[in-house]
Amino acid sequence: MKEAKALFIQDLTIQAGRHLLLDKANLTIQPQELVLLVGPSGCGKSIFLKFLSGLISSDTHGFSISGEVEIFGKSLQVQRKKALAKVGIVFQEHSLFDEFSPLQNIQFAMDHSAYFWTKEERNKFFEQVKTNLALDPKTPVIHYSGGQKKRLALARTLAYHPEILIYDEPTAGLDPKNAKEVASLIGKTHHTYQKTTIVVTHEYRYLLPIAHQVIFFNPETKKLERIEKDEIEEKMAHAASPSPSQSLSLLRKVWESPKNTTLSLLETTGRFGVLALSSLYFLFPIWKRFKWGLRYLAYYFRLLFSFSAFLYLALAGAIVGFVVTYFTFQFLPYRSYNEPLLIDDILAALGFSLYR
């Protein structure tokens, strides 16, 4: 039996609003490959990543998406739930739950995974990631350093048990030393867990040595192009400087912006009723695991009704009251007439009505 491709994309077109990001793009990634997806900032890499991870779809307002996408033989259009269960993402900003312990963050991913973890497998995985990723389970997440949070985010994504592991700008904003460490961590994780890995980045210097292939997100042709490693510098430099056609397109956008704004306003107004009714759907919680929903409610209950919350509201009310009172008396018109009226009559009347 022929092995399914990790990712198969044919004639994929993605349009965000009136901005075309991909036009009939094709891409094939084999199982256990480590792929760099590079491109200039703003070309649409993040939107493409969100599409692959299921955060946006053809039903998402403002997006038009067509084409065929398969993840390990599962169609993203027909078998969406099964296909997305095979994809895990390590977010750039980690997106950890600071109120939970490191192990609880990992348990959260396990409980929401399509894979059923036995108790023995869970304990073995905990010990494995503590060793391989140097995690300290006793330190609260809020006290973790940036590097520790990145490793915990990776452990949580692995706990989701995906077949494809996606990194969103893992070296963005890092100094060379930390960028090398992150690149080494990605390479080590790929070697240990043998996951198909896609690294979305525009800072590729330290990631090139570990990559099997490089895909260039071309903002001019709107294609996903496989290129050699030594072609990146030229491709990126060319993409960074706008062509005459791009400049003309920008001028056209500026010229047509009042018309587009008017049309957008009319479209938005026309959809208002539908959106208002559909928003009621999101008032109802959709919990895959009931215990995590209860933990979420308990956490926000503590935030809203704790002693510190009441103290904060009391102090805020006192400060606002003082400021309002001060400026009321300071800039009161006809102060010599209105101040006695306000203090002697109105405040006295309010006090009498409240405490009689």
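Each reported figure results from applying straightforward, stated rules to the coordinates on display, with no laboratory input. A quick note: this is a predicted structure, and the numbers were derived from the prediction, not measured. We place every Cβ from the backbone using ideal geometry, glycine too, and count neighbours over all the protein chains shown.
Before moving on, here are some points about what is shown:
- Along segment 63-69 the Karplus relation, 6.51 cos²θ - 1.76 cosθ + 1.60 evaluated at θ = phi - 60°, assigns HN-Hα couplings of 10, 10, 10, 9, x, 10, 9 Hz to successive residues, with x for each Gly and Pro.
- Only Cα sites of segment 101-161 enter the Debye sum here, all with the same form factor; the resulting log10 I(q)/I(0) across q = 0.27 1/Å is -1.19, listed in q order.
- Listed by number, the DSSP H helices of the chain that run 18 Å or longer by alpha-carbon position along their axis and have mean Kyte hydropathy of at least 0.5 are 307-330.
- Of all DSSP-defined beta bridges confined to the chain, some 55% are antiparallel rather than parallel.
- Fraction of the pair-distance distribution of the chain above 39 Å, Cα-Cα pairs, percent: 36
- q = 0.14, 0.25 Å⁻¹: log10 I(q)/I(0) that the Debye formula gives for segment 306-355, counting C-alpha atoms only: -0.53, -0.92
- For the chain, excluding the exposed loop sites themselves (chymotrypsin sites (Phe, Trp or Tyr not before Pro), DSSP loop, at most 14 other Cβ atoms within 10 Å), the longest remaining stretch covers 117-286.
- Restraint check, Lys50/Lys86; Lys119/Lys188; Lys149/Lys235; Lys86/Lys188; Lys45/Lys180, Cα-Cα greater than 24 Å: Lys119/Lys188; Lys149/Lys235
- Net charge of neighbours whose Cβ lies under 12 Å from the Cβ of Pro140, counting Lys and Arg as +1 and Asp and Glu as -1: -1
- Segment 17-31 versus segment 106-168: alpha-carbon centroid distance in Å: 31
- Least to most buried among Leu311, Leu133, Leu21 (fewest other Cβ within 10 Å first): Leu311, Leu133, Leu21
- Per-residue [θ]222 nm for the chain (sum of -39500 (n - 2.57) over DSSP H runs n ≥ 4, rounded to 500): -15000 deg cm²/dmol
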